[in-house]
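The values are calculated or read from the model by the stated rules, or taken from the named source; none is laboratory data. Note that this is a predicted model, so its numbers are computed, not measured. Here the Cβ positions follow ideal geometry from the backbone for every residue, glycine too, while neighbour counts run over all protein chains shown. These area figures cover heavy atoms from the full protein model, side chains too; ligands, DNA and RNA do not enter into them. Shrake-Rupley method; radii C 1.70, N 1.55, O 1.52, S 1.80 Å.
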Amino acid sequence: MPGMVLFGRRWAIASDDLVFPGFLELFVRVLWWIGILTLYLMYREKLDCAGGVLLSSYLVVLLLLLAVIICTVSAIVCVSMKGTICNPGPRKSMSKLLYIRLALFLPEMIWASLGAAWVADDFQCDRIVVNGIIATVIVRTQIWCPATLQRASRFSISNRTKSGVTRSPRRVSVSPQGPPSCRNRTTEYDLVGGDQLNCHFGSILQTTGLQYRDFIHISFHDKVYELPFLVALDHRQESVVVAVRGTMSLQDILTDLSAESETLDVECEVQDCSAHKGISQAARYVYRRLVNDGILSQAFSIAPEYRLVIVGHSLGAGAAAILAIMLRNAYPRVRCYAFSPPRGLLSKSLHEYSKDFIISLVLGKDVIPRLSVTNLEDLKKRILRVIAHCNKPKYRILLQGCWYELFGGDPDNFPTELDGGNQGDLTQPLLGEQSLLVPRSPPYSFSSDSPLSSPTKYPTLYPPGRIIHLEEEGTSGRFCCSAAHYRAKWSHESEFSKILIGPKMLTDHMPDILMRALGSVISDRAAYLSCPAQGGANVDTV
């Protein structure tokens, strides 16, 4: 876990991080050593030529040098495999081995330079031997001096250009290729923001299947607390749809990171009307545009019998939920569908209030619907607890994670924690030996005076509305050919009170994967409707 101390400074690499790089170097070095040994044994009888003794000596010394390097790297790998993450004691000799390995670079460089000088002479020996030595020098040169080769390549190109060989200028086409979605046209809708070629709007048309005339307003304007959104008419569902975009820019990330809470100015019979500051301000911006600029009035003047539906994904889902709360009094029939919304969004009172008109959709182990400041603090403690009680070396944990990623399986079959364990270990330094700590470094403690632990600035916030959870049935690796199957169920917000670590915790948040899973559930609707409810009164099958 701690960085190694070499040459009087601490590095970002730990002593148990050298297993896989060491195996890779061993593989290359052993193949190299076998190739040179084969070349020497097969052609040593043909080295009785002028300069042959020199070439023979070069190969013998090279074999010995490679053997020493192979032994040193093998020792580094073996030592790096010892101990556990928090117990680097068995790896105390790693620094000495690395000093030895670094020292071997000098004779290797010298011998490679001598080999380059010798092969430049015109030896009258067997060409296979000479070519083999040349290949050895080239391999060493590519390993040691890639920058030199690049400079030589650029120098060669420059000389050819100066000697009369000119490069034809590249023709850069700015015309859009592919489907006729990117084109200049006279718009029949309000367009705000930078979409000069209508490429973004072309993607919206292709995704939604709507026509140009169905769009009332489209905004690509994107700043901190100001999100892109669109307003369209869905004639099939008889709805005026407001769609808010999720996180796609640095400005959106800054909006996400404004995680302190603020009071919402809404007209509802709720005592505690607090919400995520950044997302509530983004919702307030969309609200001003919709109401003050008359966008919603224009939409309902065209279709007065339609109902208002607000949708969004991720950051857009959070903004859509708060926007629905703001518009509830003016549009009592409003409905909001929040896809993968953030957990730390609404106060407990607003969460209960929003259940009447907001539905959230969460896929699998998606991290965002479980993400809040308090949950991050809890995740930090749980990670440190696992590290403190870990009973396996790091390389085995990584191998098991790769196996689970490729072939699936039950994570419980790969335990990494010691049974039981003293909770007092969590307040102790994570290292097994005090001598490896940075001088005067205080022992780790969970008590913190950081802003993250401030209960007033970061109170507990909850996801919006009722929650439909799409759970994967069975287990499958990411690269398995069989498609994953999901079932939908109503879930209580407490099921998302902890961040779950897994290979799909990020991919389950992607909108295309979410929509694919939702389509799978819809296609299997007859099957999951017949499934009995499980998990008590708060959890039933959709």
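Give the number of residues within the stretch 359-375 that are modelled with pLDDT of 85 or more, over 14 Å from H313 (Cβ atoms) and part of a helix (DSSP H, G or I).
Total satisfying the criteria: 1.
G312 - would you say it is in contact (Cβ under 8 Å) with a residue 60 or more places away in the chain, assigned to a helix (DSSP H, G or I) and open to solvent by less than 10 Å² (accessible area, probe 1.4 Å)?
Here the answer is no, as G312 does not meet what is asked.
For the subset of the stretch 78-96 comprising residues that are over 27 Å from the mean Cα position of the chain (by Cα) and assigned to a helix (DSSP H, G or I), which member is surrounded by the most Cβ atoms within 10 Å (Cβ to Cβ)?
Once the filter is applied, the top-ranked residue is R91.
Name the single residue that is most open to solvent (accessible area, probe 1.4 Å) among those in the stretch 337-350 being touching a residue at least 60 places away in the same chain (Cβ under 8 Å) and either assigned to a helix (DSSP H, G or I) or farther than 22 Å from T263 by Cα (or both). It would help to see each step written out before you state the result.
Initially, the stretch 337-350 is screened for residues touching a residue at least 60 places away in the same chain (Cβ under 8 Å), giving 338-350.
Those left that are additionally either assigned to a helix (DSSP H, G or I) or farther than 22 Å from T263 by Cα (or both): 339-340, 348-350.
Values: F339: 50, S340: 0, K348: 80, S349: 44, L350: 0 Å².
Applying the filter and picking the extreme gives K348.
Take the conditions touching a residue at least 24 places away in the same chain (Cβ under 8 Å), open to solvent by less than 10 Å² (accessible area, probe 1.4 Å), within 25 Å of L514 (Cα to Cα) and charged (D, E, K, R) and apply them to D256. Does it pass?
Working: touching a residue at least 24 places away in the same chain (Cβ under 8 Å): yes; open to solvent by less than 10 Å² (accessible area, probe 1.4 Å): no; within 25 Å of L514 (Cα to Cα): yes; charged (D, E, K, R): yes.
No: the conditions fail for D256.
May I ask you to verify whether R288 is among the basic types (K, R) and farther than 23 Å from Q251 by Cα?
no
For the stretch 483-504, enumerate the residues that are modelled with pLDDT under 90, under 20 Å from Y462 (Cβ atoms) and open to solvent by 30 Å² or more (accessible area, probe 1.4 Å).
S497, K498, L500
Based on this model, can you work out whether V53 counts as in contact with a helix residue (DSSP H, G or I) (Cβ under 9 Å, 6 or more places away or on another chain), in a helix (DSSP H, G or I) and of a type in the set (V, I, T)?
no
For a quick check of your reading of the model, give me the residue pairs whose first member lies in the stretch 505-523 and is outside any loop (DSSP other than H, G, I, E, B), whose second is open to solvent by 90 Å² or more (accessible area, probe 1.4 Å) and β-branched (V, I, T), with beta-carbon atoms closer than 6 Å and at least 6 apart or on different chains.
Cβ pairs passing all conditions: none.
Please determine whether any residue of the stretch 120-127 is modelled with pLDDT of 70 or more and either assigned to a helix (DSSP H, G or I) or over 27 Å from L24 (Cβ atoms) (or both).
Looking for residues that are modelled with pLDDT of 70 or more and either assigned to a helix (DSSP H, G or I) or over 27 Å from L24 (Cβ atoms) (or both), one finds none in the stretch 120-127, hence no.
Within the stretch 199-211, identify whether any single residue is more than 22 Å from I322 (Cα to Cα), open to solvent by 50 Å² or more (accessible area, probe 1.4 Å), touching a residue at least 24 places away in the same chain (Cβ under 8 Å) and outside any helix (DSSP H, G or I), and answer yes or no.
No, that holds for no residue.
Does Y353 qualify as being open to solvent by 10 Å² or more (accessible area, probe 1.4 Å) and in a helix (DSSP H, G or I)?
So Y353 passes the test.
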